[in-house]
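Right, one structure below, let's go through it.
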């Protein structure tokens, strides 16, 4: 019962936060803009730490420390129904990228759970078998830095040599066809497809 009350309380707080901010769908970041500085906790799972290429011995890291040329960020919330129904598409996107010998060394995926606790993030991870790192944003700090946009929201950014990060693509809402989305992402980054990992998808 205490757990249920805590979850309901968290959901109510999240809803109140969105209402106070007008619950408006905004595009706070545009192509070519710099991504705000974001600090995340170093993953405890060795596989996730290895996936991000983190060598830091500290407890936190910055996005520019990820060993990749590009990072796709999905901003979500565990109480967002669309975030649940489209979680499989993100896993499919991860699989397509990892299946390409060239892309898997260039692009990394992460998720940020707006207003969610580490426990809630773990529930989401286990429920949908998320294969890439996802992080809690319990105090809404990252959510506010990114413009307090509605979830789900996708931001694709590239890491520059000077450690700055340029936004190359943003998308409010989610996608359902991983192949088509990946093609849009590659076009935005200027990457070339090197194998058959992206195929024309059937219209269901």
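The values are calculated or read from the model by the stated rules, or taken from the named source; none is laboratory data. Values in this document were obtained by computation on a predicted structure and should not be read as measured data. When we count neighbours, we look across all protein chains shown, and the Cβ atoms used for this are built from the backbone with ideal geometry, even at glycine.
Structure values in brief
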read-out	value
Scan of segment 94-108 for residues that are in contact with a strand residue (DSSP E or B) (Cβ under 7 Å, 6 or more places away or on another chain) and either assigned to a helix (DSSP H, G or I) or crowded, with 23+ Cβ neighbours inside 10 Å (or both), ordered by number	94, 97, 107, 108
Pairs where the first residue, in segment 124-147, is touching a residue at least 40 places away in the same chain (Cβ under 8 Å) and at positive phi and the second is crowded, with 19+ Cβ neighbours inside 10 Å and in a loop (DSSP other than H, G, I, E, B), C-beta under 6 Å, 6+ apart	140/115
Among (1) touching a residue at least 24 places away in the same chain (Cβ under 8 Å); (2) closer than 26 Å to residue 32 by Cβ - the single one residue 91 does not satisfy	(2)
Unmet requirement for residue 131, which otherwise passes all of (1) modelled with pLDDT of 95 or more; (2) outside any helix (DSSP H, G or I); (3) over 17 Å from residue 49 (Cα atoms)	(3)
Test result for residue 192, at pLDDT below 95 and assigned to a strand (DSSP E or B)	no
Flag for residue 84 being crowded, with 16+ Cβ neighbours inside 10 Å and over 22 Å from residue 181 (Cβ atoms)	no
Those residues of segment 14-44 which are at pLDDT 85 or above, over 15 Å from residue 147 (Cβ atoms) and surrounded by 15 or more Cβ atoms within 10 Å (Cβ to Cβ), in sequence order	40, 42, 43
Within segment 68-86, considering residues that are in a loop (DSSP other than H, G, I, E, B) and out of contact with any strand residue (DSSP E or B) (no Cβ under 8 Å at 6 or more places or on another chain), the one nearest to residue 130 (Cα to Cα)	86
